[in-house]
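Values in this text are rule-based calculations from the coordinates and carry no lab data. Note that the coordinates shown come from a computational prediction; the quantities given were computed from them, not determined experimentally. For neighbour counting, all protein chains shown are included, and Cβ atoms are generated from backbone atoms with ideal geometry for every residue, glycine included.
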Amino acid sequence: MVIKEAKFITSNTRADLCPQTDLPEYAFIGRSNVGKSSLINTLTNRLKLAKTSSFPGKTQLINHFLINNEWFLVDLPGYGWAKVSKESRESWRKMINHYLKNRPNLACVFVLIDSRLPPQKPDLEFMELLGNMGVPFVLIFTKIDKQSGTKTDANIAAYMKTLQETWEELPMYMKSSSSTKAGREEILQFISEVNQRYHEARQA
Ligand code: GTP
Ligand code: MG
């Protein structure tokens, strides 16, 4: 897919204030600092579309970006950052729950996982929440430039083995690096296929 246009539309804390639209949208979520905003910039080839930082907790709002006037990318605030107060964790939980429940155009959630880490509780819990809500998701293992391909593949295999203990059907996964752009084409191809299925389902 060629990205002809990528523009920022809104930032807010409430799902009811997000753009009213029938266009399919794809949300990026995962632990703080996992590389959500960076991946959005890599996919769109825009260096500063989504704000990134080496400190966790940079993205605090629900950010909508309109791509090619055809679909939305959504940058969400991360979870699992140790220094967050109980109150902010609770307001994050409410905001995300409300968002997930109130976006009928949400075509898929990308759950980003650091490719170097073993399974973490907040990620597993978040996948469980998506499963319970019936929200389709795929995994993206990020920052694969930071270690050898062999290590990444071994870690992913171990990760999927853990998921197998609780999931009947394993989620699809992809790998990415915002430094080398690895995975970019595959992710865009996936979005393009889901967009097509989304429109076919609406016409049926
Ligand atoms: P929050 O908004 O805080 O939830 O974080 P985020 O998940 O949006 O992470 P962000 O994209 O801001 O990236 C966090 C840090 O990781 C930044 O310093 C990025 O430069 C770095 N980073 C992100 N992706 C990659 C990657 O693929 N490879 C490498 N080497 N660094 C990355
Ligand atoms: Mg971010």
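Here are the criteria: (1) away from ligand 2 (no atom under 16 Å from the Cβ); (2) in a loop (DSSP other than H, G, I, E, B); (3) touching a residue at least 24 places away in the same chain (Cβ under 8 Å). Tell me which single one LEU170 does not satisfy.
Unmet for LEU170, out of (1) away from ligand 2 (no atom under 16 Å from the Cβ); (2) in a loop (DSSP other than H, G, I, E, B); (3) touching a residue at least 24 places away in the same chain (Cβ under 8 Å): (3).
Can you tell me which residue in the range 33-72 is nearest to LYS4 (Cα to Cα), limited to those that are more than 11 Å from ligand 2 (Cβ to nearest atom), touching a residue at least 60 places away in the same chain (Cβ under 8 Å) and not aromatic (Phe, Trp, Tyr)?
Looking at the filtered set, the residue picked out is ASN68.
Here is a check on your reading of the model: is GLU186 of a type outside the set (Gly, Ala, Ser) and exposed (fewer than 11 other Cβ atoms within 10 Å of the Cβ)?
No, not satisfied.
Which one of these does PRO136 not meet: (1) surrounded by 12 or more Cβ atoms within 10 Å (Cβ to Cβ); (2) over 17 Å from the mean Cα position of the chain (by Cα)?
Every condition holds for PRO136 apart from (2).
What residue, among those in the range 180-192 that are without any contact (Cβ under 8 Å) to a residue 40 or more places away in the chain and closer than 27 Å to LEU124 by Cβ, is nearest to the chain's Cα centre (by Cα)? Show your work before the answer.
Residues of the range 180-192 that are without any contact (Cβ under 8 Å) to a residue 40 or more places away in the chain, as a first pass: 180, 182, 185-186.
Now narrow it down to the ones that are closer than 27 Å to LEU124 by Cβ: 182, 186.
Working: ALA182: 16, GLU186: 15 Å.
Step by step, filter the range 180-192, then rank; the result is GLU186.
If the requirement is being in contact with a Cys (Cβ under 9 Å, 6 or more places away or on another chain) and surrounded by fewer than 21 Cβ atoms within 10 Å (Cβ to Cβ), which of these qualifies: ASN45, ASN68, ASN12?
ASN12
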